[in-house]
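Single-structure report; data block below.
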Amino acid sequence: MRTKVTLVLLFLNVALFFFIFKFERNWRTERASLEARRRVLGPEAADIRSLTVRNAAGVLYTLNRAGETWQLVQPLDWPANPAAISRIINELQFLEHETSFAVADLKTNGQSLADYGIDLEKPKVTVAFGNTPGATTTQLILGDTTKIGNRLYLLSPDAKRIHVVRRALADSLALPIDQLRADSLITIPVFEARTLRIQSTTRVALHREPASPRWTFDTPIVARASKDDTERALNELGALRAKSFVTDTPPATLPSAAPSYRITIEGNNRRETLLLGTPVPASATTIASTPATKTVAATTDYYAQIEGRTALFTVALPTGPQSLKDTLDQAQERLREKRVLDFDPAAVTAITLRAPNTPGQPSLTLQRLEAPANSAEAAPWQIIRRDAGDTAPQTLPADRAAVQRLLEQLNLLAAQNFTSDAPTAADLENWGFARPEREVTLTLSKLSSPSAAGTNTSNALTLQLGLASQRDNFAYARLLGAAFIYAVNPDILRIETPTTAAAWRERLLRELPSGARLTTLRLTDLTTNQSLFEVTLDEAGRPPATAPQAPALTTLASTLRTLRAKHFPQDGFTEKVLLLGEDRPWRYRLDATLALPGAAVGAPAPITTLLLSERFGGTQQLAGSQEFNAVFELEQPVVDALWSLTYRADPGPAPAPAVLKK
């Protein structure tokens, strides 16, 4: 039984295989043959490299392909529009007929080629193409359109058949020259550009550093170029378009003979050069940008050519301040990097501040410490200073926010003008570099670029800041080892780079651990040695709700838990404080008793003390601490709380006047 079933299944498989091989194969072959018969052109259209379109009057245009790029040869020498040419080539390669009939059958029906609009002597439209640039071997002649169906008659290359095809081929061939030519003048994109050369009255050359977005001047000086400004200029050059082509009255001197501007951009194994000649007479125009803003952009038309091409055209060049023409005229300054320092703030490990023009002023170093393990916080900083006669340096915690601001200001420090690229010794002295007002040295784990340090080879940048002998509105900066002098904002001296430790000290002086608490507060007037108040705090560190000025006492207790300075007016603690130009003794003493976790039973409770000055300037009050070796300004909520505790409360509104009896 099983043998019979097996034999039957085997027979069915053989029959199915025979059916597929014999009939299905023939069906597919027939469909492929039918598709091939519908195609008007065969292998001759697979690799088109030249194409000419004519009408009865002559050649409309000629195109040649070099590599993957199409070029217009006639009526002008110009790059072709890839989209338009791709449309024509696709129409030719995939051209199919709806129907076709033999030319030999026309006489039998009493017809001729003229009945279909096909004139072999003077055809309406002829398209010829070939597989070699400059040579055509295949020709199609287009005739009339059909009366119905919006189709077109077309004579085959061998002139033996007339095909009825879609009108799309005729429409693509009928595109005007303005749509067949490429729109842009510079085709190298910004990301591909490797060099930029601008030659006018001066010669400027820049290059992009390998594997880097940085640009550098090669001529007329070796200096850093602005990446943003250079790429903006490249974008503006890439946005230029041919406004019109000149065929009748060319200028006396062609741009290729004597260019006013010669702009060359090099990319990956290719180079493009735009030549701008003289302005077109009476060409100054203004173009409104948007009706809403009513602003206008001034342009001037210039004669122009592309190097290596004969086509002469005009281009509208934007003019005015900060325009493309302004950039071309002053490329050495407009494209130059205005930032004085080139470094990565995250790579800075130490900052050293010196004041060479201030005798006896010690240098100060801000040093980055290692970040705590398994911590998301940024690494802390510390102050290192060595006073005269000290055997060991002094260290203090530094304010991380203040150091970060300094790094940001140094990184953003920009030239307001480029004062000199080759200063003399007299120039350096005049701008204050004989004894600079400030020297800022950045120690880095790595330099951003080899040129960033001038001639230095170590991983350090030293910025010198000076003031001119004839005071003006600038400070002057230079990088040690480089010749360039920059005029910069004087705030970098007045505000951003103080050399006193107090300016960089950490504002948070103390923060009690969570288990510690304040038990008592006592304020003493030192002029009379009398206690103004003494209050006992509860387990939560709050005064009794019934205590006078309870809100002020709560603010004071919270401040002593997290002691923070608003500002340090001086370095270190002193027994007297400078107020309003004179040294005065401290006015008050604030004592707080602490209860610390883990303290031995019966051990005396530690007391933390702050000395307080009188309130001055309306909103200012100073505090001093021997424990933290500091004199600092209190924050405003603390000043207000102390005011209500040291002075009598407001008596309230005056009583109403008595009414006189008549």
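Every number here is computed from the coordinates shown, using simple stated rules; none is lab data. Computed from a predicted structure; not experimentally measured. Methodologically, a virtual Cβ is constructed for each residue, glycine included, from the backbone with ideal geometry; neighbour enumeration extends over all protein chains shown.
Using the 10 angstrom Cβ neighbour count as an exposure proxy, how do Phe573, Phe616, Phe568 rank, fewest first?
Least to most surrounded, the residues fall as Phe616, Phe573, Phe568.
With a point put 7 Å past each Cα toward its Cβ, work out how far Arg386 is from Asn357 in nm, to one decimal.
Output for this residue pair reads 2.6 nm.
Go ahead and estimate [θ] at 222 nm for the chain from helices alone: -39,500 (n - 2.57) per DSSP H run with n ≥ 4, summed, over the residue count, rounded to 500.
That calculation yields -5500 deg cm²/dmol at 222 nm.
Debye calculation, C-alpha points only, no solvent: report log10 I(q)/I(0) for the range 345-503 at q = 0.12 Å⁻¹, in the same order as the q values.
-0.55
Note the angle between two axes, namely the Cα long axis of helix 636-646 and the longest principal axis of the Cα atoms of the chain, as a number of degrees from 0 to 90, rounded to the nearest 10.
20
What is the chain's relative contact order, in percent, from Cα pairs under 8 angstrom and six or more apart in sequence?
Once normalised by length, the contact order is 7 percent.
Assuming R0 = 60 Å, what is the FRET efficiency of Arg471 and Arg87, from their Cβ-Cβ distance, to the nearest 0.05?
0.30
With a Förster radius of 25 Å, plug the Cβ-Cβ distance of Ser244 and Ala57 into 1/(1 + (r/R0)^6) and report the FRET value to the nearest 0.05.
E between Ser244 and Ala57, to the nearest 0.05, is 0.65.
Near the amide H of Ala225, under 5 Å away, which other amide H atoms are found, from residues 5 or more places off or on another chain, if H is placed in the peptide plane?
So Ala225 has HN proximity to Trp215, Thr216, Phe217, Glu337.
What do you get for the angle between helix 2-19 and the principal long axis of the chain? Use alpha-carbon atoms, 0 to 90 degrees, nearest ten.
70
Hey, what do the phi angles of the range 187-195 turn into as Karplus ³J(HN,Hα) couplings, whole Hz, using 6.51/-1.76/1.60 and θ = phi - 60°, x for Gly and Pro?
Using θ = phi - 60°, the values come out as 9, 6, x, 4, 5, 8, 4, 10, 9 Hz.
Ala414's amide H: which non-local residues (gap 5+, or another chain) put their own amide H closer than 5 Å, with H modeled 1.01 Å from N in plane and none for Pro or chain starts?
Sorted by chain and number, the residues that satisfy this are Val340, Asn489.
Round to a whole angstrom and tell me the spacing of the C-alpha centers of the range 497-533 and the range 329-361.
If you average the Cα positions of each part, the centres end up 38 Å apart.
Which distance in nm do the two modelled labels at Ala426 and Thr132 give, with both placed 7 Å along the Cα-to-Cβ direction?
Spacing of the two 7 Å Cα→Cβ label points: 7.4 nm.
Give, in nm to one decimal, the length gained when the segment between Ala350 and Gln416 is fully stretched (0.36 nm per residue of separation minus the Cα-Cα distance).
21.0 nm
Helix 82-93 versus the longest principal axis of the chain: what is the Cα-based angle in degrees, 0 to 90, to the nearest 10?
It works out to around 30 degrees.
Considering all projection directions equally, how large on average is the shadow of the alpha-carbon convex hull of the range 43-180, in square nanometres?
Mean orientational projected area (the range 43-180, Cα hull): 8.4 nm².
Would you please state which residues of the range 488-518 a label at Gln570 would reach in this model, taking the label point 7 Å out along Cα→Cβ and a backbone N cut-off of under 14 Å?
So the set is 502.
R0 = 30 Å: FRET efficiency of Asn150 with Ala15, Cβ-based, nearest 0.05?
The computed FRET efficiency comes out at 0.05.
Need one number: nm distance between label points at Phe101 and Glu539, each 7 Å from Cα along Cα→Cβ, rounded to one decimal.
It is 11.2 nm.
Please state, to two decimals, what the Cα-based radius of gyration of the chain comes to when divided by 2.2 N^0.38 Å (N = residues). Numbers along the way, then the final one.
Working: Rg = 43.6 Å, N = 662, 2.2 N^0.38 = 26.0 Å.
Dividing the Cα radius of gyration by 2.2 N^0.38 Å gives 1.68.
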